[in-house]
Each structure stands twice: as C-alpha cells, then as structure tokens.
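Each remark here refers to the structure printed beneath this line.
The values are calculated or read from the model by the stated rules, or taken from the named source; none is laboratory data. Being a predicted model, the structure only gives us computed values, none of them experimental. Cβ atoms come from the backbone with ideal geometry, glycine included; neighbour counts cover every protein chain shown. When the accessible area is computed, the model is the full protein with side chains, heavy atoms only, and any ligands, DNA or RNA have been set aside. Shrake-Rupley method; radii C 1.70, N 1.55, O 1.52, S 1.80 Å.
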Amino acid sequence: MLVSSALAMEANPPTIITIFGITGDLSRTKLIPALLRLERACVLGENTRIIGFSRRAFSPNDFRGFLREAFSAEIERFDADVVERLINRISYCPALFDDAHAYATLGERILDMERHEFAECANKLYYLAVAPEFYHTIFLQLANSGLTIPCAGEHRWARVLVEKPFGRDSATAEELDLLLGKLFKEEQIFRIDHYLAKEAVQNIISFRFANALFEPVWNSRHIDRITVRLLEEKDIGSRGTFFESVGALRDVGQNHLLQMLSLIAMEHPGEPSAANIRRERARVFEKLQLAHGTLEEVARHGQYRGYRDVSSVATDSNTETYFRLEAEINNTRWRGARIVLESGKALNTTLAEITLEFKSPELCIASGRRCHHNNSVTFRIGFDEGISITFWVKKPGLGNELEARELSFSYRNEGEHESERLFDAYERLLADALSGDQTLFASTEEVRASWKFITPILHKWRNVPPQEYEKGSGGPAR
Ligand code: BG6
C-alpha cells in the first residue's frame, strides 16, 4: 500500500512552474495555451502549480480575466472543467525583475505551497519568457534567493528555461554562460529553440537515418545546394521594442535557421541520446563558414520600407528585417555544397522550408548529353508540414522528353487523427523540460559555435546600412 501510494505520488510529483513575463506576448500566445493542452493531456497533474511573475499590476480577478482571454482561442475545444481546473492552480505575483524583495515573496509563496499543499518539497521550473536584457538580472536574483537549489537531496530538481536569443554575440553569450555556469549545472539549463520541437523538424533525422534510400547520397558529391528559408508575410506589428534590440539574424538566424540546417547536415549520432545529438548538431556549426565572395554576394541584409515608423523603432534604425547568407560546411561530407540561409519579415509569402537540390546526372537519357534534370527533397516545416520529392519521368507519347513530377507526404492529409497528434512546439518543450529531456534544447557548445558563425557577420553589417525593400515584395533587389 505504502509502495503503491509512493509510486502514484511519483507519477505526479509536486511541481511549481514559475513564468517570468507571464503577461507578455510569448506567454499569452504560446505558453498559456500550451499549458491548457498539457493539462488536458494529463501531463500537468493535480500536483502542478503555476505562478506568474510579471511587472503588470493585476489584481487576482484581472489576472483570471487575462488567463481566460489567453485561453479563448482554445476554450471551445476544451471542457469548461479543464479550464477551471487549470485556472485554479495559477496564481500571480506582480513584481519587478530586479526587486530582491519580490524574489523573497516568491520564495515564501513556494514554501507555503510546499508546506501546506504538498507537505513536501517540490520540483521547480523557472521559465524566462522575457526580453533578453532581463536574463542577467533574473539569473542573479534567482540564484541569490536560493530558489534554484534542488531540494530533498537529488530527489527533486530545479530547472531554468530560457528563450532565445541567448546573448547578442559571442562575447555576451559567453558572459551569460559563465554566469549560468557558476549558478547552475548544465543539466539544470534548458535553452529553448522552439523550431527544434516542431514535429516536422524532429522528423528530419528520422527520415534521413531510417531510409537507406537517401543517406548514401546525402553529401556534396550528390547534393549541390541546401536552402533553409523562413519567410513571413507578417511585419513587426507591435514587437518594435524586441525586434529593434535583436534584428532578424539574431531573432531567427542564429537559432531557428541554423538548427534546421544542423539536423539536415549532422552525422549519425550513434546512440540517440541527448548528449550525442547535441554534440553532432554543434559540430555542424563549428564547421560552418561564409562562402567566398563579397559581402553583397554572401551576406545581404535588408529593411522593409515602413519599419522605421513602427512604435519604439528609431527613425534612423539600421536593424535588418531580412537577410540572405551563402555559406559552406567545411567537412568531408559537405565541402563544396552551397548553403543558403534566408529569412525576412513583410515579404510576399509565408513559408518555413528546407530544400536539398541534387546534382544533375552525368549523362541524360533523353538527349545522350549532360542534362539539367535534377531531383530535390523539400521539408515543409510550417503550415502543411510534410516532405516532397521531385523526380523526372518520361512524358507519355512519341519522343523522349522528360517532365517533373512530385511525390508528396503531408501530415495534414493523413486525416484528422494524424494531424491531432502534431504536438505544438511549446507543448513539447514544456513536457520535455518537465521530464528532464534536453535533446530539443541547445547546449553550451551549440550556442557558442553558432555565435562564432553569426558574430563576424553582425560586425560587418555595422558599417553597411540594410537595403530597403517594399513590403509584400520578395526582399531587397539583388
Ligand atoms: C520566433 C521569432 O522565435 O519565431 C519570430 O521571434 C518569428 O520573429 C517566429 O516570427 C516564427 O516561428 P513560427 O513557429 O511562427 O514559424
């Protein structure tokens, strides 16, 4: 009896999630809805409590109203009692991030929950859903307050989740890392890149390493070019303050685009453990370098017309809202293949995809000469997740002409059931952080190596204003 009740307890250990910046955009649009879905999926148990820590002066009633609003897009899909159950376990702590007293209050609230609600010490997850400029302060305050020391020996854990971008360049990322290294152990730190948690991104290594058809030709002998693109029609909207402090390359280049590339380009990890997979991703970044050519050819950046009118954006801002990089991976597998990384806001299309273009065959069956026909494999990451492969077939009729055809797989076409199984990235990240699996989080080595590639480009752009482009266009003219 004692044993089974202990096991039941362990299946649902007391856990307190504190979200710094709970009233912000990220929290409202991604985290809070993800918590509701996890509640329904029973990932959050009755022993989970959530504390919101933010600057807004909300009364408990205002806060409940705010939560209901954030749940509104999801609410129809859920029973009212799931929503109520979760709301009853979320409380609010209005506070400034640099106020030591606020951390003392937070500590008292946590202690109170442990004493009176659980009668034992709890696991603690701290989620920093705040602008990067607050990381330093929050890390220090958290560590000084003793809130991140695991309790009950090693039996209960304390973990810190931090959003990208982690640092502004090599120097600041290293500084943050040194600080983090002093305050926490690596297994306590979860650096988020939500692209890694997208179903279609995780599928890349399964596709590569489970299909003998592709792996033998997955190299620069057969592949001419790898293009990774994250293009968006939406503009900066109300995110002027955040965007002005980062720019497109730090916002999505140093993380989402590079992580997609790493899964396409990495070596087989052997045993698929978090340590092995993270090590192989980091190795790709270590060998990544800009292609040879002028800055204009290999590292273009642009800004859409009208960006400077956005609230909180400087009227003479040189922040890039678009970039296109040409690179290469200097290792045996990829030397000679061209790598293109492109992203932008306020463009004429919205897509997130990776395309591998294969080289043409030496001799063409149709003409007996070298031909231009080449195959491609495209991974669609955003809307309509799936994979397409183009290949050539003989056109029916007289003659030997060829035409392109496509083999396509889409998760969405697999019917309601399959697409239901597509976990949202934030759901997956929260679930993995709770279970302690770091595979989908960036390691120190990955962060360090990715900044080593990105920082020199940012330095070069300091003296080169971005090229202007029209909203709704394909980006700056060449
Ligand atoms: C975020 C960036 O990390 O990713 C945004 O800050 C970007 O600027 C977003 O729009 C794209 O993610 P998704 O999941 O909407 O494709």
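From the convex hull of the Cα coordinates of region 135-248, what is the mean projected area in square nanometres?
Directional mean of the projected Cα hull area for region 135-248 stands at 11.9 nm².
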For Tyr304, net neighbour charge (Lys/Arg +1, Asp/Glu -1) across residues whose Cβ lies under 15 Å away: -2
Mean Cβ neighbour count within 10 Å, used as a protection proxy, ranking 131-140, 253-262, 44-53 highest first: 253-262, 44-53, 131-140
Net charge over other residues, Cβ less than 12 angstrom from the Cβ of Asp169 (K, R count +1; D, E count -1): +3
Among Phe358, Ala327, Ser317 the positive-end extreme of the charge dipole of region 310-365 (Cβ point charges): Phe358
Summed side-chain charge close to Met260 - residues other than Met260 whose Cβ falls under 14 Å, Lys, Arg +1, Asp, Glu -1: 0
Euclidean distance of C-alpha centroids, region 278-307 and region 251-265, integer Å: 10 Å
Accessible-area composition of the chain, carbon plus sulfur, in percent [1.4 Å probe]: 51 percent
Segments 358-364, 124-130 sorted - mean Cβ within 10 Å per residue, highest first: 124-130, 358-364
Two-site FRET efficiency, Arg64 against Asn211, from Cβ-Cβ distance with R₀ of 45 Å, rounded to 0.05: 0.35
Ratio of Rg to Rh over the chain (Cα coordinates, Kirkwood Rh, two decimals): 1.00
Whether region 65-156 is rounded, prolate or oblate, judged on the alpha carbon gyration tensor where a/c under 1.5 counts as rounded: oblate
Label-point separation, His459 to Leu351 (7 Å along Cα→Cβ), nm: 3.5 nm
Computed helical MRE - 222 nm, the chain, DSSP H runs ≥ 4 contributing -39500 (n - 2.57), nearest 500: -10000 deg cm²/dmol
Calculated FRET value between Ser91 and His373, using beta carbons and R₀ = 51 Å, to 0.05: 0.25
For the chain, with +1 on Lys and Arg beta carbons and -1 on Asp and Glu, the positive-most of Ala248, Phe285, Ala129 along the dipole: Phe285
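Using only alpha carbon pairs under 8 Å that are at least six residues apart, calculate the relative contact order of the chain and give it in whole percent. Let's see the in-between values first.
On the way: 820 pairs, mean separation 77.4, N = 478.
Computed over the chain, the figure is 16 percent.
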Net length gained if the chain between Ala314 and Phe409 were fully extended (0.36 nm per residue, minus Cα distance): 29.7 nm
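What accessible area per residue comes out for the chain, rounded to a whole number of Å², with a 1.4 Å probe?
46 Å²
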The chain - charge dipole about Cα centre, Lys and Arg +1 at Cβ, Asp and Glu -1, debye rounded to 20: 1140 debye
Theoretical gain in end-to-end length, Ser360 to Glu74 [0.36 nm per residue, Cα-Cα removed]: 98.2 nm
Computed log₁₀ I(q)/I(0) - Debye formula, equal Cα scatterers, no solvent, region 271-369, q 0.10, 0.15, 0.21 Å⁻¹: -0.49, -0.89, -1.14
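Going highest first, how would you order 179-186, 16-23, 338-345 by mean Cβ packing within 10 Å?
Working: 179-186: 14.6, 16-23: 24.2, 338-345: 22.1.
The packing order, highest mean first, is 16-23, 338-345, 179-186.
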Rotationally averaged projected area of region 40-93 (alpha carbon convex hull; nm²): 3.9 nm²
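Restricting to Cα atoms and excluding each atom paired with itself, what does the Kirkwood estimate give for region 231-307 in Å? Could the numbers behind the result be given before it?
Numbers: mean 1/r = 0.0662 Å⁻¹.
15.1 Å is the Kirkwood radius here.
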